[in-house]
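Below you'll find the structure, written out as structure tokens, and then a few comments.
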Amino acid sequence: MTLSSAPGKVYLFGEHAVVYGEPAVPCAIERRARVEVRRRDDDKLRVHAEDLSLDGFTVEYGGQTDDRPDVDVSEGLIDAAMGYVDGAIDQVRDATGEDEVGFDVTIESDIPLGAGLGSSAAVVVAAIDAASRELGVTLERDEIARRAFETEYEVQDGQASRADTFCSATGGAVRVEGDDCRSIEAPDLPIVVGFDGGAGDTGALVAGVRALREEYEFAGDTVEAIGDVVRNGEDVLATGDLEELGRLMNFNHGLLSALGVSSRSLDAMVWAARDAGAYGAKLTGAGGGGCIVALDPTDATETALKFTPGCEDAFRAELAEEGVKRLE
Ligand code: MEV
């Protein structure tokens, strides 16, 4: 049996625009997905998932996602969870040359699904690491990141950047621009997360931005403006000026809002954080619902968010220095 974990992330800057080659800066946070893997005697895959912000479910299948588990959870979430695990295991079969191998996989995660905190990337990264080690092969972090990206790219119909998967595999703060992925220095960031209890459909949100870009030149300019905010943000991150970082995060949120990926509850949480004195606040990830990220060294933002209608949970998130962790 092998057990690996991988962290979720927040985007300080650059989601959506990163899909079109602009830079983005995500930071890994200490909220993890843990994936336990046991080799089977046959070629089947049995997936048991717990705490994925949905009731636990178990499904056994012969490597195909046609078999539907008989559980009371939305088909979209089941498809997503099974698609990502399937893809991760295919990558492991490819990396190890063991085409016919089967596994029992147990997933446990404290990252809400589809809420902008990189839950799928964390599951895929941890699954690839644990399953390859179960077969006696230890992959380098860069290879895990690459294979995790290929999994997301396939499951999300070609609409994925390398940002989530690289950040989860590597940990810390990273900078991603196209294929160029690297770790960067970051000051101690007082990150507060607000969660509305919901989720966004990443594929549909990315497709929405793509359609806007095709229809309006100024939507393309908005995407490029996000790139400019990110480039400024990187310089400010190096100086540790939290006030200026916050201002740029506010600007980034406004541009994402213009691209139609915010929501009433995300905006309400962003404004609650700003009113409470946060340096800045923005949605994180694909949007449509899910989480916001704010910077506030005091307790004011977390407290204000807890009293904000539409906010289901608020918590302080530490930067996860380590990406994928080998636990057993
Ligand atoms: C989703 O977490 C972030 C997006 O930029 C999509 C991606 O980068 O793959 C919206």
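The values are calculated or read from the model by the stated rules, or taken from the named source; none is laboratory data. Keep in mind that this is a model prediction, so the values were computed, not measured. Cβ placement follows ideal geometry from the backbone for every residue including glycine, while neighbour counts extend to all protein chains displayed. Surface areas here come from the heavy atoms of the whole protein model, side chains and all, with no ligands, DNA or RNA. Shrake-Rupley method; radii C 1.70, N 1.55, O 1.52, S 1.80 Å.
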Quiz item: What ranking do 281-294, 217-230, 191-204 get when scored by the average of other Cβ atoms within 10 Å per residue, highest first?
Solution: 281-294, 191-204, 217-230
Quiz item: If you roll a 1.4 Å probe over segment 191-317 with all protein chains in place, what percent of the accessible area is carbon or sulfur?
Solution: 50
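Just to verify a number: FRET efficiency for Arg39 and Arg210, C-beta to C-beta distance, R0 = 35 Å, to 0.05?
0.30
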Quiz item: If you stretched the chain out fully between Arg316 and Arg46, how much longer would it get, using 0.36 nm times the residue separation minus the C-alpha to C-alpha distance?
Solution: 93.8 nm
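Report the extension gain between Arg182 and Glu224 in nm, rounded to one decimal, defined as 0.36 nm multiplied by the number of residues separating them, less their alpha carbon distance.
Gain on stretching Arg182 to Glu224: 13.0 nm.
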Quiz item: To the nearest Å, what is the center-to-center distance of segment 283-328 and segment 10-52, using C-alpha atoms only?
Solution: 16
Self-check item: Gyration tensor verdict on segment 191-317 (Cα atoms; rounded if a/c is under 1.5, prolate if a/b is larger than b/c, oblate otherwise)
Solution: oblate
Quiz item: Could you give the accessible area per residue of segment 191-317, probe 1.4 Å, as a whole number in Å²?
Solution: 43
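Could you order the peptides 24-34, 134-144, 259-269 from most to least packed, using the average number of other C-beta atoms within 10 Å per residue? It would help to have the intermediate numbers written out before the result.
Working: 24-34: 24.7, 134-144: 15.8, 259-269: 20.2.
Per-residue mean Cβ counts within 10 Å order the peptides as 24-34, 259-269, 134-144.
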Self-check item: Anchor Lys9: lysines whose Cα lies under 28 Å away (excluding residues fewer than 8 positions away in-chain)
Solution: Lys282, Lys306, Lys325
Quiz item: Using every alpha carbon pair in segment 86-167, what percent of pairs falls into each 5 Å bin from 0 up to the bin containing the largest distance?
Solution: 3, 16, 28, 25, 18, 8, 2
